[in-house]
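Input: a single structure, listed below in structure tokens.
The values are calculated or read from the model by the stated rules, or taken from the named source; none is laboratory data. Model, not experiment: these values are computed from the prediction. A quick note on method: Cβ atoms are made from the backbone with ideal geometry, for glycine too, and the neighbour counts reach across all protein chains shown. Remember, those area values only see protein heavy atoms, side chains included, never the ligands or the DNA or RNA. Shrake-Rupley method; radii C 1.70, N 1.55, O 1.52, S 1.80 Å.
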Amino acid sequence: MADHRNGGNHPAAVSKGAGGASGGYTIDANTLQRRLKTLYSNWREQRDELWGSCTAFAVATPPPSDDLRYLKSSALNIWLLGYEFPETIMVFSEKQIHFLCSQKKASLLDVVTKSAKEAVNVDVVMHVKAKNDDGLTQMDAILNSIESVDSPVLGYIAREAPEGKLLETWTEKIKSSGLHLSDVTNGLSNLFAVKDSGELTNVKKAAYLTASAMKQFVVPKLEKVIDEEKKVTHSSLMDDTEKAILEPARIKVKLKADNVDICYPPIFQSGGNFDLRPSASSNDDHLYYDSASVIICALGSRYNSYCANVARTFLIDSNTTQSKAYQVLLKAHEAAVGAVMPGNKGSDVYKAALAVVQKEAPELTPNLTKSAGTGIGLEFRESGLNLNEKNERVMKMGMVFNVSLGFQNMQTKSSKAKSQNYALLIADTVIVTASGHEVVTALSSKAFKDVAYSFNDGEEEEDERPQVKVDSKVNEALYSKATLRSDNHEMSKEELRRQHQAELARQKNEETAQRLAGGKSAAGDGRSSSRTSNDLIAYKNINDVPPPRDLMIQVDQRNEAILIPLYGSMVPFHVATVKTVSSQADTSRNCYIRIIFNVPGTPFSSHDPNALKNQTDIFLKEVSFRSKDPRHISEIVQQIKTLRRNVVSRESERAERASLVTQEKLVLAGHKFKPIRLTDLWIRPTFPGRGRKLPGTLEAHDNGFRYSTSRADERVDILFGNIKHAFFQAAEKEMITLLHFHLHNHIMVGNKKTKDVQFYVEVMDVVQTLGGGKRSAYDPDEIEEEQRERDRKNKINMDFQNFVNRVNDLWGQPKFKSLDLEFDQPLRELGFHGVPHKASAFIVPTSSCLVELIETPFLVVTLSEIEIVNLERVGLGQKNFDMAIVFKDFKRDVLRIDSIPSSSLDGIKEWLDTTDIKYYESRLNMNWRAILKTITDDPQNFIDEGGWEFLNLEASDSDSDASQESDQGYEPSDVEPESESEDDGSESASLVESDDDEEDGSEEDGSEEEEGKTWEELEREASNADKEKGVESDSEEERKRRKMKAFGKSRAGPSSSAPKRPKFRR
């Protein structure tokens, strides 16, 4: 459950800075000799089967990292030498072992020389690299030694991308050497699979720590939280459990804290959101422990870099369905553990579990995880030891497995929405022994009586019985409504929509109340902090400052500094501290240069966190100099501006990359299958550079897409796990056919950070013929050209469709089921025009999104993330209206789509209603930022006052303008000043408002008189009647004339009937 963390806190042999071999690190010579013998015998015996027929193989260890990561290069270092040697290259051949490293590491590795000679009769050759040396000379020597044998084949770990300058240079060197290269990953996996007694001792200690943390800390912690009904988030439980593991004394485990680490951050899941994949993580939701709830906890610890894992599921007031499912899973897990024996195959473990499920509860077979676990050791997941249905690898004594089994996507009947979806998971660390197996995490019980808790006996069953009655009443009501419609034919589509919207309003207010009560609306913005001015240092000490030539302003390009003469000394300033620089000449042939610096407290200056620390410091705000050499001044100004622009660009890109989420590596198709390919595509956003843009090829590989052009640096990898939505839009009325990917996490396309990547082809050349007269519609050349364009468009659309179909088939495989990926196609018939950004565009719904994929910036709105939609400026005489989309995450800005034609109103209402999205209508634009702030500041008041019903136009029509202005909580903001003055000067508007007031007053007096129809309803009925008769609708001017005549309005101009809106040029 940690593979995505990419990490390891392995003991580094040079991390403490001790000089020579006396730094406290000693390599065990006996262990080294024994494992060298194992390494060479394994290599020589299975050279062709597992080691790629290599005559030598290289293992390069990357620089140290604070991230958790599992690398075979690091694992070999620890397995062979006891420590990880960062930035070290080891090359093993039949007669020699080469080490390329620094002098300090070479002194530590002196013991290897004697041990290698005695154990396997090979010589150790040390290639010492100076600190600033690139190592090319030493690499040439190593490669010359490899090439000295007949038919040399160099093995390397193909799946590990080079990190650091040394490893990148080495990788380029071997790939350009002409040597035949092969992958030795399988050989190393086989080498680590069987553990010796020392390794098994480390695994047992890690397992004891893991099980103790579960028993002594996690279980009591959960019991206390539930018993005292505390509100605790999953992430806080994760942090507390991680601290307990890293401090073994807290859980009464007598292990040295220096030898202990976590395999991955502990995982806590509850409340209906479960993920049984190894990449799962604890979110910020509160722990949910109501009736029929499920809590999943998974822990992983390491001792001396060896891993152990345990996972348990806790049932809170479980119902019969959940209890039975857990007992079936427990039997299946015990059967799987029982199949872990020497001589059995990896597939036997999964088949044993599957047989139990098929016998005890066949209906749960689709919910069973597709694997029963993996091998575990120095790596959390050892490749080649997956316990799935296809693995024919034979188990041997000394192997260690993480036997993990679960049921996912389970459903149960419950009155609580969060209890309806649940999952179950059990995992243990198991060692294969001579006679069978040993469960080394058995200290943590998984028996039903120890994981099932009962706090509210009988309440769940009592809740379920009236729920059945409620459901039956609902069904009766729906049936009676259907009968009424069929008998009387009186319920119009608008009335049905209103009824459905009323039900949606009730549901939406309940959901919002629950979410606000649970604090789910808060979400971080995910922005990484940029480097402050104090982080950018031009010179580390005074000796680095170049000696002054003259007391003139100088620009040090290499150190990114400006040297300014002040009081006879050259004072350096980093260029990042410069805000602006300018020059000006006067009539006396003098030239002035003015440099303004970034200082705290300046309006519109970027926020620097160090400003709070340095409040007592004195800052230089600006300097000015006079010179009689205008040419020198202009050169200095140009140099400063250019240098500042380059630094700002570099720091901006660094900040963008720093906030990226680390993703897994793309696994190329290789020999498994031929990659699915689509050629001659253009990409948006485009790659940087001023050279000619080149089309590229999109390929679907084992776990993602790769787009590349003929230029080596123009390549983009999109992993399937990072794709949130995929769209295919064929060219109909557009000029392009496209594939669009909307991602979960940002990636870099060149130097641009983006969540949307698009690949497209222009279906016709955008060329206009100039000159010549009009061509006849029957011109054969014209007809032939049009036919060629149609054929070209059809061929491109067909090629894209074939690619999409093949990728959909690939995504249909079991291993991608959990990603729920499929290409979505926009529904053009539901589209409408609007202005989502700055220009008008054609916006189209899909089955799960609202998109606009032609104009940039792209628009992709996930429907499941929408809280409500408010249709604004909807009223009599309006040509356009606006759409405000409010998201469930109240931290997100409200999305506005402006200037939608009023003719699209009914279609949008129908679409929103069919997709179960609650919408409201208002006559004014709302100040959403203030509204959302009010809601988040006082959610209880928002809930008490009816939730979103303050937007209900029918309920709020009777409110006066004064009451709307005095409502501080939900104050609508009219952004158009013209409309206010117009309302004041419009007699028709005032008369309509007075009619409404009179009606409201009559209702308050208890009058039984029938309420008259509003102008909006009368207008809609008249428009519908005209359409049925085939009569064209009246023009806007005619309607205005009639209204002026009806109300005796003599001074209204032709443009005063509607608020003015900004015009958008197309």
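Looking at the calculated P(r) for segment 675-727, what percent of the C-alpha pair distances fall above 18 Å?
32 percent
Using only Cα atoms, locate the centre of segment 196-234 and the centre of segment 307-383, then give the distance between them in Å, rounded to an integer.
What the calculation gives is 20 Å, centre to centre.
Let me check something: with ligands and nucleic acids excluded, how do H833, H740 order by accessible area (1.4 Å probe), largest to smallest? Mind dumping the intermediate values first?
Working: H833 85, H740 0 Å².
From most accessible down to least: H833, H740.
Using the Kirkwood radius over Cα pairs, work out the Stokes-Einstein diffusion coefficient for segment 296-411 at 20 °C and 1.002 mPa s, in µm²/s as a whole number.
Approximately 144 µm²/s, per Stokes-Einstein.
Taking the Cβ of N745 as the centre, find all other residues whose Cβ is under 11 Å away and add up their charges (Lys, Arg: +1; Asp, Glu: -1).
Result for the local shell: +3.
Given the convex hull over the Cα atoms of segment 703-842, what projected area results after averaging over all orientations, in nm²?
It is 12.6 nm².
Apply the Karplus parameterisation 6.51 cos²θ - 1.76 cosθ + 1.60, with θ equal to phi minus 60°, to every residue of segment 373-384 and state each ³J(HN,Hα) to the nearest whole Hz, in sequence, with x for glycine and proline.
Taking θ as phi minus 60°, the curve returns x, 9, x, 9, x, 5, 10, 5, 10, 7, 5, x Hz for segment 373-384.
If I model a spin label at Q557 and K230 as a point 7 Å from the Cα along the Cα→Cβ vector, what separation in nanometres do I get?
Using points 7 Å along Cα→Cβ, the separation is 6.1 nm.
With the Cα gyration tensor of segment 39-83 in hand, give its eigenvalues times 5 under a square root as the equivalent ellipsoid semi-axes, listed largest first in whole angstrom.
Details: eigenvalues 125, 25, 15 Å².
After scaling each eigenvalue by five and taking roots: 25, 11, 9 Å.
For segment 402-416, take each phi angle, set θ = phi - 60°, evaluate the Karplus expression 6.51 cos²θ - 1.76 cosθ + 1.60, and give the result in whole Hz per residue in order, putting x for glycine and proline.
The phi angles translate into 9, 7, 10, 9, x, 10, 10, 6, 8, 10, 8, 7, 7, 6, 9 Hz.
D for segment 119-190, whole µm²/s, Stokes-Einstein with Kirkwood Rh over alpha-carbon pairs at 25 °C and 0.890 mPa s: what number?
177 µm²/s
Bin width 10 Å, origin at 0, all Cα-Cα pairs of segment 630-749: what percent of pairs per bin?
11, 31, 30, 15, 8, 4, 0
Using only the Cα atoms of segment 177-271, construct the convex hull and provide its projected area averaged over every direction, in square nanometres to one decimal.
10.5 nm²
Amide H neighbours of H744 under 5 Å, counting only residues 5+ apart in sequence or on other chains, H built in-plane at 1.01 Å?
I723, K724
Please work out how much length the chain gains when fully extended from F573 to Q801, using 0.36 nm per residue of separation minus the C-alpha to C-alpha distance, in nm with one decimal.
Difference between extended and current length: 76.3 nm.
Show log10 I(q)/I(0) for segment 842-895 at q = 0.16, 0.27, 0.28 Å⁻¹, two decimals, from a solvent-free Debye sum over equal Cα scatterers.
With no solvent term, the Cα-only Debye profile gives -0.58, -1.12, -1.14.
Any chance you could check the Cα centroid distance between segment 409-428 and segment 811-874 for me, in angstrom?
31 Å
At a temperature of 4 °C and a viscosity of 1.567 mPa s, determine how fast segment 796-901 diffuses translationally according to Stokes-Einstein, using the Kirkwood radius over alpha-carbon pairs as Rh; express D in µm²/s, rounded to the nearest whole number.
Rounded to a whole number, D works out at 81 µm²/s.
Give the long-range amide H neighbours of V153: residues separated by 5 or more places, or on another chain, with amide H under 5 Å away, using H modelled in the peptide plane at 1.01 Å from N.
Distant-sequence amide H within range of V153: T55, A56.
Taking the Cβ of P63 as the centre, find all other residues whose Cβ is under 12 Å away and add up their charges (Lys, Arg: +1; Asp, Glu: -1).
Within the 12 Å Cβ shell, the charges total -4.
By how many nm would the segment from T433 to M764 grow when fully extended, if each residue of separation counts as 0.36 nm and the alpha-carbon distance is taken off?
Between T433 and M764, full extension yields 112.3 nm more.
Could you give log10 I(q)/I(0) at q = 0.18, 0.30 Å⁻¹ for segment 327-390, computed by the Debye formula over C-alpha point scatterers of equal weight, without solvent?
These q points yield log10 I(q)/I(0) values of -0.62, -1.29.
For E921, enumerate residues with amide H under 5 Å from its amide H, sequence gap 5+ or separate chain, H modeled in the peptide plane.
L871, L953
Given a Förster distance of 35 angstrom, what is the FRET efficiency for E503 paired with D889, based on the Cβ-Cβ distance and rounded to 0.05?
0.90
May I ask you to list the residues of segment 823-838 whose amide nitrogen lies under 16 Å from a point 7 Å from Cα along the Cα→beta-carbon direction of K733?
826-835
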